[in-house]
1. Hey, could you check the range 255-277 for residues that are small (Gly, Ala, Ser) and open to solvent by less than 40 Å² (accessible area, probe 1.4 Å) and say which is farthest from Leu314 (Cα to Cα)?
2. Just to verify a result, which residue in the range 238-264, among those that are small (Gly, Ala, Ser) and modelled with pLDDT of 90 or more, is nearest to Trp297 (Cα to Cα)?
3. Go over the candidates Ala146, Ala122 one by one and state the one that is under 30 Å from Gly199 (Cβ atoms) and at pLDDT 85 or above.
4. Take the range 215-235 and flag every residue that is over 22 Å from Arg140 (Cβ atoms), open to solvent by 30 Å² or more (accessible area, probe 1.4 Å) and at pLDDT 90 or above.
5. Which one of these is closer than 18 Å to Leu304 by Cα, exposed (fewer than 15 other Cβ atoms within 10 Å of the Cβ) and modelled with pLDDT under 90: Leu181, Leu174, Leu208?
6. Inspect all residues belonging to the range 236-254 and state whether any of them is surrounded by 14 or more Cβ atoms within 10 Å (Cβ to Cβ), in contact (Cβ under 8 Å) with a residue 40 or more places away in the chain and of a type in the set (Asp, Glu).
7. Within the range 70-84, track down each residue that is open to solvent by 20 Å² or more (accessible area, probe 1.4 Å), in contact with a Leu (Cβ under 7 Å, 6 or more places away or on another chain) and either part of a helix (DSSP H, G or I) or free of Cβ contacts under 8 Å to residues at least 24 places away in the same chain (or both).
8. Note down all Cβ pairs under 9 Å where the first residue falls in the range 51-68 and is crowded, with 20+ Cβ neighbours inside 10 Å, the second is in a loop (DSSP other than H, G, I, E, B) and of a type in the set (S, T, N, Q), and they're at least six residues apart or on different chains.
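The values are calculated or read from the model by the stated rules, or taken from the named source; none is laboratory data. Note that the structure is a prediction, hence the values are computed from the model and not measured. Here Cβ is always computed from backbone atoms with ideal geometry, including for glycine, and neighbour counts include all displayed protein chains. Heavy atoms of the whole protein, side chains included, go into the accessibility calculation; ligands, DNA and RNA do not. Shrake-Rupley method; radii C 1.70, N 1.55, O 1.52, S 1.80 Å.
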Amino acid sequence: ESLAAREAALAGGTAAGAASWFDLMTAAAFWIFAHERVAWAVIEVGLGGRLDSTNVVRGEVFIVTTIDLEHTSILGSTRAAIAAEKAGILKAGGTLIAGVLPDARRSAEDDAGAVLREHARAVGVEARWLGTGPLTSITRHNRELAALALDELGRRGLHSFSGAPVDRGLLGGLGPGDLRLPGRMERTSHQGIPMVLDGAHVAFCLPLVLGELRAEARFQGYALGILALGADKDAAAFLKALREATDTVACTYVEGSLHRQPEELCALARELGFVAEACATPALALAWASARAANRWILATGSLYLAGALRPLLADSGNARS
């Protein structure tokens, strides 16, 4: 659905008739929250923000983790345009917690942070920015965003069950092994070969993932890649980032997804210097990669759909571990 079509449906009062599956599930979730008298909830936007069905919520804390080129056919072809759509969730009196720099630090064209800053100022939202140093770890990046959000919730009067104000201290007892999500830097193995399933699908995130994994000896060498990527993602940029980890990749497709076809992805990978094979299914890609892994590890990336399709195929016992 285009933004123009969405705007027309909302303006014409026909939004209910044009409701998507996500719209209906969002409405159902909000009804349950109200029925259960949920005091606070973390609501993740489905797509963009300004016209997303979650944007009926009058939030008090708004978190923008990063901004990169994805869903460009809908949200716009520049990071600034995407930032403007994401900034649509900001509402007067709230606080923005942003992992995007407030000015053009990465390149002259990178004004996504400036767009967020101007939108926040225009609607009366205080902005808190996540530092200005280079990012080296996606876990540390996300943890610090969570810490800033918890501090802000405490400042707004939220207390824990013990009666103490909520703040970043709630994260103090959590180590890296306690923060796990299937398909997000999920360490596992297949036929004795070390393997990582990671749903990173934009070029910005991949170096952070790789930097974190290289702290472990088993993931320091060259990998063999398994890749599936959405049709709306910047495939060339993602492959260039992936080149840091591997020169060989199996390109595949998950049934029911909106991924690029394996042949198209494979052709682009070869243009960029990869040894690449088009595999019709994740199972075939896993078999192809496993047969060629030798002393390498396997990195499956580009899509959470891919991670979900591969998890049941892993041969080793206890395969879904971090």
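1. The first filter runs over the range 255-277 and keeps only residues small (Gly, Ala, Ser), leaving 256-257, 267, 269, 273, 276.
Checking which are open to solvent by less than 40 Å² (accessible area, probe 1.4 Å) leaves us with 257, 269, 276.
On the way: Ser257: 21, Ala269: 25, Ala276: 22 Å.
Among those residues, the one meeting the criterion is Ala269.
2. Restricting attention to the range 238-264, the residues satisfying the condition of being small (Gly, Ala, Ser) are 241, 245, 250, 256-257.
Filter once more, keeping what is modelled with pLDDT of 90 or more: 241, 245, 250.
Numbers: Ala241: 17, Ala245: 10, Ala250: 13 Å.
Filtering the range 238-264 for residues that are small (Gly, Ala, Ser) and modelled with pLDDT of 90 or more, the one nearest to Trp297 (Cα to Cα) comes out as Ala245.
3. It is Ala146.
4. Matches in the range 215-235: Tyr222 only.
5. Values: Leu174 fails: closer than 18 Å to Leu304 by Cα; Leu208 fails: exposed (fewer than 15 other Cβ atoms within 10 Å of the Cβ).
Unique residue meeting the criteria: Leu181.
6. No, the range 236-254 contains no residue that is surrounded by 14 or more Cβ atoms within 10 Å (Cβ to Cβ), in contact (Cβ under 8 Å) with a residue 40 or more places away in the chain and of a type in the set (Asp, Glu).
7. Hits for the range 70-84 are Ile74, Arg79, Ala81.
8. Listed by first residue and then by second, the contacts come to Ser53/Ser20.
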